[in-house]
Amino acid sequence: MRVVIGSPGNGAALKDAIKEFLQSDGRVSEVVDLSEADISYPEVSFRAAHAVVDGTADRAVLVCGTGVGTAIAASKVKGARAATAHDLVTVRGAVENYDAQILCMGQNVIAPAYARILVDLWLDLRHDPSGFYGPKVREIAEFESRA
């Protein structure tokens with residue numbers, strides 16, 4: 001799996017911890033850090049979302065202060081589905097139910113050790129388009145295509 005990761009300055013410490021975990025995980029073939037000095041959370045989020053949508057990456061992890069700003073910004077890219085998740089239920093639901101390709105977390109909200117546990121779970125999760133939530137995800141995609 002190819003993963004892009006990024007953060008503005010207020011997410012750098014957690015982003016670095018997650019990046020280190022991803023780089024050491026055999027399920028991950030490539031980790032690309034899109035962070036730059038003084039990058040804004042919208043810009044890094046747009047870049048990550050575009051990488052996922054255009055197929056350069058399979059998934060993305062974004063970190064800011066709360067994880068909310070990055071999720072909002074990344075979701076503005078047509079075809080991207082980003083979700084803020086800080087617990088097992090929302091990480092699982094984000095992928096299995098809603099087919100979110102982008103996981104957003106907040107450095108001010110979650111400890112690195114727990115974030116690594118959630119990312120570990122996230123790497124194994126898949127969405128089943130024939131499942132209960134498949135029609136709802138298609139409904140969202142159809143609406144988006146008309147916008």
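Do we have any residue at all in segment 42-53 that's among the polar types (S, T, N, Q), in contact (Cβ under 8 Å) with a residue 12 or more places away in the chain, out of contact with any Phe, Trp or Tyr (no Cβ under 7 Å at 6 or more places or on another chain) and crowded, with 22+ Cβ neighbours inside 10 Å? Steps first, please.
Here is the first cut: in segment 42-53, the residues among the polar types (S, T, N, Q) are 45.
Subset that is in contact (Cβ under 8 Å) with a residue 12 or more places away in the chain: 45.
Retained after the next criterion (residues that are out of contact with any Phe, Trp or Tyr (no Cβ under 7 Å at 6 or more places or on another chain)): 45.
Now drop any that are not crowded, with 22+ Cβ neighbours inside 10 Å, which leaves 45.
Within segment 42-53, one or more residues are among the polar types (S, T, N, Q), in contact (Cβ under 8 Å) with a residue 12 or more places away in the chain, out of contact with any Phe, Trp or Tyr (no Cβ under 7 Å at 6 or more places or on another chain) and crowded, with 22+ Cβ neighbours inside 10 Å.
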Quiz prompt | Answer residue from segment 22-41, given it is of a type outside the set (Asp, Glu) and more than 15 Å from the chain's Cα centre (by Cα) and is surrounded by the most Cβ atoms within 10 Å (Cβ to Cβ) among those | solution = Ile39
Quiz item: Out of all the residues in segment 96-147, which are in contact with a Ser or Thr (Cβ under 7 Å, 6 or more places away or on another chain) and β-branched (Val, Ile, Thr)?
Solution: Val109
Practice problem: Within segment 54-82, count every residue that is surrounded by fewer than 22 Cβ atoms within 10 Å (Cβ to Cβ) and without any contact (Cβ under 8 Å) to a residue 40 or more places away in the chain. | Solution: 8
Quiz item: Filter segment 107-142 for residues that are modelled with pLDDT of 95 or more, small (Gly, Ala, Ser) and surrounded by fewer than 17 Cβ atoms within 10 Å (Cβ to Cβ); which is farthest from Lys76 (Cα to Cα)?
Solution: Ala113
Practice problem: Within segment 79-94, identify whether any single residue is aliphatic (A, V, I, L, M), over 15 Å from the mean Cα position of the chain (by Cα) and farther than 23 Å from Ser29 by Cα, and answer yes or no. | Solution: yes
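When you go through Gly6, Gly11 one by one, which is the residue that is within 16 Å of Cys104 (Cβ to Cβ) and touching a Cys at 6+ places or on another chain (Cβ under 6 Å)? Break it down into steps so the answer makes sense when it comes.
Numbers: Gly6 fails: touching a Cys at 6+ places or on another chain (Cβ under 6 Å).
After applying the criteria, what remains is Gly11.
The values are calculated or read from the model by the stated rules, or taken from the named source; none is laboratory data. The structure displayed is predicted, hence computed values, not measured ones. Counting neighbours? That spans all protein chains shown, and the Cβs are built from the backbone with ideal geometry, glycine included.
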